[in-house]
Structure formats: structure tokens, C-alpha cells
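First the structure, in the form of C-alpha cells, and then the observations on it.
The values are calculated or read from the model by the stated rules, or taken from the named source; none is laboratory data. Values in this document were obtained by computation on a predicted structure and should not be read as measured data. Cβ sites come from the backbone with ideal geometry, for glycine too, and all protein chains shown count toward neighbours. The protein model used for the area step is the full one, side chains on, heavy atoms only, and it has no ligands, DNA or RNA in it. Shrake-Rupley method; radii C 1.70, N 1.55, O 1.52, S 1.80 Å.
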Amino acid sequence: MKTIVQDFHFALRQLRKNPGFACTAIVILGLGIGATTAIFSAVNPILFKPLPYPQASRLMMIWYATSDGSRIPETFHTYREVAERSRAFESIAVADPWQPTYTGTDQPERVEGQRVSASFFRTLGVAPARGRDFQSSDDLLNGPRAVILSDGAWRGRFGADSAIIGRDIKLDGDNYNVIGVMPAGFENVLAPSAEFWTPLQYDAGNIVSQQTREWGHHLRMLARLRPGVSRDLARADLNRIARTRIADFPRPAWASLDQGFIAHSLQEDLAGPVKPALMAIVGAVFLVLLIACVNVANLLLARGAKRRGEFAVRAALGASRSRVIRQLLTESLLLAVLGGLFGIFVAQIGVRTLVALSPSELPRLDAIRIDGTVFAFALGITCLVGIVLGLIPARYASRSDLRSAAQEISSRTAGGHQLTRRVFVVAEIAIALVLLVGTGLLLRSLGRLFAINPGFDSSQILTMQVQEAGHRFDDDVARARFFEQALEAVRHVPGVEIAAFTSQLPLSGDFESYGVQFQSDAADSSDAALRYAVSSGYFTAMRIPLRRGRLLDEHDIKGAPQAVLLSESFAKRKFPNQDPLGQRLRVGPDVAHADIPWGTVVGVVGDVKQVSLGPSETDAFYTATSQFSWVDRAQSLVVRARGDAAALTPAIENAIWAVDREQPIVRVATMDSLRDRSEAQRRFVLMLFEAFGLVALALASIGVYGVLSGSVSERTREIGVRVAVGATRGHILAMVVRQGMMLTAVGIVIGLVGALAASQALITLLFGISRLDPATYFSVIALLAAVSSIACGVPAWRAARIDPASTLRSE
């Protein structure tokens, strides 16, 4: 222990004697360790850390499998069948998003919640901290209106009222009785922002009628495995249910289960959509850490070369080889610990930045923090870095007999230092190229994506969603009257060029499709297409082009023949060699019902990107709001402004509230921001790659400069002799620059091989370009060459100005 304390004190004195070296190394290590720790804190709760439920590994998500292999939510009656017939699950539950209007404040407020089966919290394994859980009697059709609150809602909206249990609150104009409050630490990974839960109260007995909400694909199914049952056995059990029909559970065509089920663990289900992006980021940040370590290793080697005399003197005074190695390891560990402490500070800032900039679809955002696991990871990384960095100079310090080194400092040892440092520089350049190629591919991909025409003009458009609430709007007539009056009020707001309502808004996260049956098709044949119920003026406001026929107008009202517009690709696919105008069709949830009147195709409009700017659904139909089967309770307002669209927000909200003050207005955004937000995941990954790539480029250029600067210092006598015998400044400049550019060239060649392999991880994030895109690779090579030439120029200029007379005189 006494020796360790001595080594520690000596290491501190060494760092104090070399503050420039110490600060540089600590900052470089801190940035590398901090960035790695911050990314690990984001990845850990999503990919590695168990979900915050008892025996979370037993939780599974079950989806309906479609013919193309994709997955969609389940129907209520499918849930009932699985719950009744399954032998593998201890408990099964379903949930559906719920956005009631809370009227307990001055202004109506739409809040987030879920409608759930009574078994929902029992399946998760979490019980309310206050009050009671849902019971089967709560989940019966027309049962009592019961609600459970989140701890945040209880504290924030109701002041942590201890008498909240049994109290009524008003949601959607109805009184709901509060029966429970969830624990403070409860995390709802299926709906992180949910604050209110109420029972589904679906009609379990109405299984014959197939045109009810109970047969709609909109429920997410969660199940808990029985103890000792594996996931493979559970999948086999689900497949048995899908293959064998029984009379007690008839299935319509759209819920036939012919393709079976898709079942994964809950954690895998949450992580699946974002895993490729996260793994790409993890790979990038570890490359940054590696390049930081290589840079500090270079600094240590350069410093070790200057300390050869010190090592020789210590050996002459009796220090053993192991003693010197232990001293160097102590110094590097101290350096790494100081870098790790700075890294924790960097990680704290990084975590806050990550949470602020992360896309909303990133799961478990609230769980991203510096906790014990993350701290242990940072400590482990710090110790590993410290040991590795200490072994590198220690290896050179112990390569030769230290006692003989006291008499003669070996030039071979200096040459070994230089060779290793050059190898490190080559590695830095190779890693930087890999990161820059990834950045370039993502940048060009995003450019291609935003160059795509979404099918509308997003400039100068303000959007917001208006949702009616209250029993006075229970019938379609009153509901339609409110939206008509609100639209008329908005159109009179100064600065509004044109305004319209739509049932779903492109690039907003809305996705609603219904059946379409053409009279020309077979009787049992139908298609599914996106459904838009719009008011007159919608196409003009969005500037969606008309391809054929006419647009919907004020004459398309209830009672008039139903007019339908088709998207261009839908029309071409259904009628490749015919005129789609005049074709007869039925649209809606019950297209096969004989009593549904036929509508007529009156026009064809351009395709619109609904889900994202990338490949997405294009089959769509448009009807007038008043001519559809019902009037939607929530509609999106689209306003084209004459100037700044966002500036109109207060005036438009006041115009709607002048019609009815109790109606909530949410999702206020410009169409440009929605367009940007639709590709938030790609932007997030690109932003991180840009940051990592710039750090790698800076460190690589510093590495080139450091090696050449050290080489010039060690070759001062040689360069002085060269100048003395006739070498010109140009020759000296060329010699040093050539040395640096050779290192760069070797690094680029190795980096290209690495980039070709690493870019495979980015395939799912690329759009419109190949991972082998030549323009990206050529641009990155040119950038690296330019930066390296600048890094070579400074030491080369210093070498060219060496005075041979003073150099030889000092020798």
C-alpha cells in the first residue's frame, strides 16, 4: 500500500508538471467516455435493462398477422377467443388509446389515457397504490364509469388530494368515479403519456353482428406467460388456436387468423422499430471512444519518448522493470479516472440533450438517466481505458534493459515509438473515415427524402386538431353543425386565405383505412384504402393537384348522390385501361352490406404521403364530410395563410372558442414542422453521426499533426544536416508533407474497407441511395485529404525553417 501511495503521489506530481498534456488528455478522454456513457444511458433501458414489472421476461405482445407478413392490432373478439382458449398464458389484456376531454379547469383540456380490459394492470403485475384495481364487473357493457389515475395526474391535477378515491371527475361530459391511483414509480411502456385509465366495456355477447367496434383491428394485446412456459410453446399454442376454428367463436374474413399471430416479448416489441438506429449509434460512439483512446495513447507515447532519460536514471538507482511498469499504469489510471470524472459531467449534459432531441417514438424516454448501472458502466470503461493506455507506454519502457539504457538511450526504442504512433494515426484516420462515410450517407439520404414531393404544398399551412366533447354532440347533426360554424368563423380571421377540415392529416401520425368495393369487381372482393372525409376547400388549401374530373364542393351534401375521389395510384391500379370517372363503389366499414348505396367516382387527385416521406400507402379515397357514414368527433383543421401561418394560432383558436368555449384544440403545428417531424428518427441518427464524425475528424487531424510535429523535433539534427548539404525549403516541406499524407493514404484505404462493412448497419436508415454511394465516398476522401494536408503543413513549415548552423552548433 505504501508503494501504491507513493506511485499515486508521483503520478499527481507528473501531471502538475505537465498541465498542458494533462488537460488535453483529460478532455479527450472525458469527451470519449462521456459520449459513450450518455449513449449507453439511452440504449440500456430500451435494449438491456429489464422492464419495470415483476418477472417482465414473461410479458409478450400478440399481433394479428397479415398476408404480407406485417402486423396489425387485434379485434376484441379475437382477444376473447385467445383468452378463453389459450393454455400458455396466465393473464391476457388489451388496451386502446383514449383521449378524453377533461373539463375540471378554466379551459377544456384533452388528456391522454387508455381504455383497457379489467385484466390490464394484473397482466403487467402492478396494482394501484391507492384504492383498488378494475374488476370484471367494471368491464361489462354499460357498466359503471370508473377511472384510475396516474400518480402524476393525482399530484398535478388534483393536488395529491387524499380523499380522491370515490370522488367524481368530468371526462367527455360524463362523471367518472375515481377508484384508484397508480404508484409513483409506475411506468406504462405501452402509453408513456397516459394519465387516466377506464374499462373498455365492449359487448362480449354481440358476436354475430360483424359491423361493430368489437370487430375492429385497434386493440393492442398483452399477455403474461404461465410459469415454466417458454415463448416458443406460447407461439405454438397461438398457432393451434389460429388453425382450429370452433363454433363458439366465428370469425369474419378480416379477422380469419389464416396467417396466425405474431408474438414477441414486450421488450423486443418495444425495441424492434428503433433497434437498427440505436445499434448504429452505439457502433458510432464506440468508434469515437476508440479514436479518443488512440489519440491519448499517442500523447502518452510521445511523452514516454521524452521520459526515456528519466526511466534510465530510475533504473540506475535500482528501480526494477515491474516497478516502472506499475508506475506508468498508476499514471494512466489516474489520468483515466480524471477523464472519467469529466466524462460523467459530459454524460449528464449529453443525457439531457439526448432526451430533448430524441424522436417521440423512442420508447422509455423517461427511463433515460444516469443511474447505478450507467455509473458502473462508466467506471468499467474508465478502468479499462486506464489499463490499456498504461500498458502501451509500459511495453516500450520495458522492451530493453533499463540499466543499460542509463548509459545509452536506444535509437531503436525511439524508432519503435514513432512506428507505433504512426500506426495509431493510421487507425484514427480509418475510424474517422468510417464515421464520416456514415454521416455522408445519412445526410444524402435525408436530402433525397426531403426532395420527394409529398403530394401537397406544406408552406404557409397551419394545422390543429379540434375535438368536440359533451353529450350535446352525440348526434351527427349537432356535431356537423359545430364543425361548420367553427370553419366559417376561422375563414373570417384576417390573414386566412382558405381553411378546411379533414378526418386525418398527412404526416401527423394519423392512419385510418376502410373497405372499398367497386361494382365492377366480384361480389365478395374489396380493397382497403386510406379514408379522408374532407370539407370543401381542402384540396385548394393543401394544393393537392386534380388529375381528372372535379373536386368535392359545397354541392356534395347529405342526401345528394355520394361523390368519391380516388388517389391517382389507386385509380391506375384498379382501372389500368379504363376511365375511372363514373365508376360505382361503396366505401366505409360495411362495404358488403346490400343496403349501402353506391357512390360514384367524380375525380382523381394526386397521391399524398400519409405515414412518411418514404414508401407509404398510396391507395386512398376522399368523401365529403357530410356524405360519409358518420361525422368524425375529432377533425384536423388546415389553414393556408397569406403570411406567417404560426402567427395566426391565437386568432384561430379564439375564433373556434367563440363558437363553443368547451371544445379542446390540440396538435397545433405548421405543416412544415410535421413534415420534418415525420423523419425525426433519421434526423436524430444523422445529428449524432455528424457530431461523432466531426470529433473523429478533429482528433485524427490532431493525431497527424502530433506525429509529424514529434517527428520533426526528433529529426531536427537530420533536417539541419540536409539543409546544410543543399536541401531546399521546398524539399524539406515535401518530405514532411509526404510522410503525413502517406499515413493518411494508408488510413483511407483501411477505412474504406471498414466503411464498406460498417455501412451495412445503416441500410434500414437509408433512402434513395446505395450504401456504396460513390459521391459520398469521394467527398469524404477529399475532406480527409484536405484536413490532413493542413495538419501536415504546420510541422512541415516549421521543419523548413530550421537553421542548420544553430542546429549543428547545439550538437
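Numbers for the structure displayed
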| item | result |
| --- | --- |
| Share antiparallel - DSSP beta bridges, the chain, percent rounded to 5 | 80 percent |
| Square roots of five times the Cα gyration tensor eigenvalues for segment 640-688, Å | 30, 14, 7 |
| Stretch gain in nm, segment Arg16-Glu512, where the contour uses 0.36 nm per residue and the Cα spacing is subtracted | 171.9 nm |
| Amide hydrogen neighbours beyond the local backbone of Arg130, cut-off 5 Å, H modeled | Val181 |
| Positive-pole candidate from Ala782, Leu171, Phe134, dipole of the chain, charges at beta carbon | Ala782 |
| Derived scalar couplings ³J(HN,Hα) [segment 261-267; Karplus, 6.51 cos²θ - 1.76 cosθ + 1.60; whole Hz; x for Gly, Pro] | 10, 10, 10, 9, 5, 4, 5 |
| For segment 53-106, projected area of the alpha-carbon convex hull averaged over all directions, nm² | 7.0 nm² |
| 3J(HN,Hα) from dihedral phi, segment 641-650, Karplus parametrisation 6.51/-1.76/1.60, rounded to Hz, x for glycine, proline | 9, 7, x, 6, 5, 4, 5, 7, 3, x |
| Length gained when the stretch Leu443-Arg729 is fully extended (0.36 nm per residue, less Cα-Cα span) | 98.8 nm |
| Percent of beta bridges antiparallel (DSSP, segment 519-660, rounded to nearest 5) | 45 percent |
| Charged-residue dipole, Cβ positions (Lys, Arg, Asp, Glu), segment 450-578 about Cα centre, Debye nearest 20 | 400 debye |
| Equivalent ellipsoid semi-axes, segment 198-237, via Cα gyration tensor eigenvalues times 5, rooted, Å | 29, 13, 10 |
| Largest to smallest principal axis extent of the C-alpha atoms in segment 70-131, angstrom | 50, 34, 19 |
| Amide hydrogen neighbours beyond the local backbone of Leu200, cut-off 5 Å, H modeled | Val116, Ser117, Ala118 |
| Summed side-chain charge close to Ser770 - residues other than Ser770 whose Cβ falls under 12 Å, Lys, Arg +1, Asp, Glu -1 | +2 |
| Theoretical ellipticity at 222 nm over the chain - DSSP helices of four or more residues, -39500 (n - 2.57) apiece, nearest 500 | -16000 deg cm²/dmol |
| Stretch gain in nm, segment Lys49-Ser520, where the contour uses 0.36 nm per residue and the Cα spacing is subtracted | 164.1 nm |
| Accessible solvent surface per residue of the chain, calculated while the other protein chains remain in place, 1.4 angstrom probe, Å² | 43 Å² |
| Residue (of Ala234, Gln610, Phe21) at the positive-pole extreme of the chain, dipole from beta-carbon charges | Phe21 |
| Relative packing of peptides 291-301, 577-587 - highest average C-beta neighbours within 10 Å first | 291-301, 577-587 |
| Two-site FRET efficiency, Asp672 against Ile72, from Cβ-Cβ distance with R₀ of 30 Å, rounded to 0.05 | 0.45 |
| Point-to-point label distance, Asn206-Leu694, nm (Cα→Cβ direction, 7 Å offset) | 5.9 nm |
| Sequence-distant residues sharing a close amide H with Val668 (under 5 Å, placed H) | Gln465 |
| Inter-site label distance for Ala236 and Glu497 at 7 Å from Cα along Cβ, in nm | 6.4 nm |
| Fraction in percent of alpha-carbon pairs per bin - 5 Å, segment 702-788 | 3, 11, 18, 17, 13, 11, 9, 7, 5, 4, 2, 1, 0 |
| Furthest towards positive pole of dipole, Ala191, Met1, Gln267, structure part the chain, Cβ charges | Met1 |
| Zero-based 5 Å bins, Cα pair distances in segment 426-503, whole percents | 3, 10, 13, 12, 10, 8, 8, 7, 7, 6, 6, 4, 3, 2, 0 |
| Assigned charges on the beta-carbon of Lys, Arg, Asp, Glu; the chain dipole about Cα centre (debye) | 4980 debye |
| Accessible area in the full protein assembly, largest first, 1.4 Å probe, for Ile790, Ile4, Ile368 | Ile790, Ile4, Ile368 |
| Cross-link reach list, lysines versus Lys275, counting only Cα pairs under 21 Å and skipping chain neighbours closer than eight places | Lys49 |
| Cα gyration tensor category, rounded, prolate or oblate, for segment 160-245 with a/c compared to 1.5 | oblate |
| Segment 645-791 - Kirkwood radius from inverse mean 1/r over Cα pairs (Å) | 20.6 Å |
| Segment 765-774 - phi-based ³J(HN,Hα) in whole Hz, Karplus 6.51/-1.76/1.60, Gly and Pro as x | 9, 8, 8, x, 9, 8, 5, 9, 3, x |
| Cα long-axis angle, helix 729-758 against the chain (0 to 90 degrees, to the nearest 10) | 40 degrees |
| In degrees, nearest ten, helix 19-43 long axis to first principal axis of the chain (Cα) | 20 degrees |
| Debye intensity ratio in log₁₀ form over the Cα atoms of the chain, taken at each q of 0.07, 0.11 Å⁻¹ | -0.71, -1.29 |
| Cα long-axis angle, helix 275-306 against the chain (0 to 90 degrees, to the nearest 10) | 10 degrees |
| Surface share of carbon and sulfur [accessible, 1.4 angstrom probe, percent] for the chain | 58 percent |
| Highest average packing first - 149-155, 549-555, 267-273, Cβ atoms within 10 Å | 149-155, 267-273, 549-555 |
| Size of electric dipole in segment 160-247: Cβ of Lys, Arg +1 and of Asp, Glu -1, about Cα centre, debye, nearest 20 | 660 debye |
| Taking only Cα atoms of segment 579-660, radius of gyration then Dmax in Å | 17.6, 49 |
| Quotient of Cα Rg and 2.2 N^0.38 Å for segment 107-166, N being how many residues it contains | 1.22 |
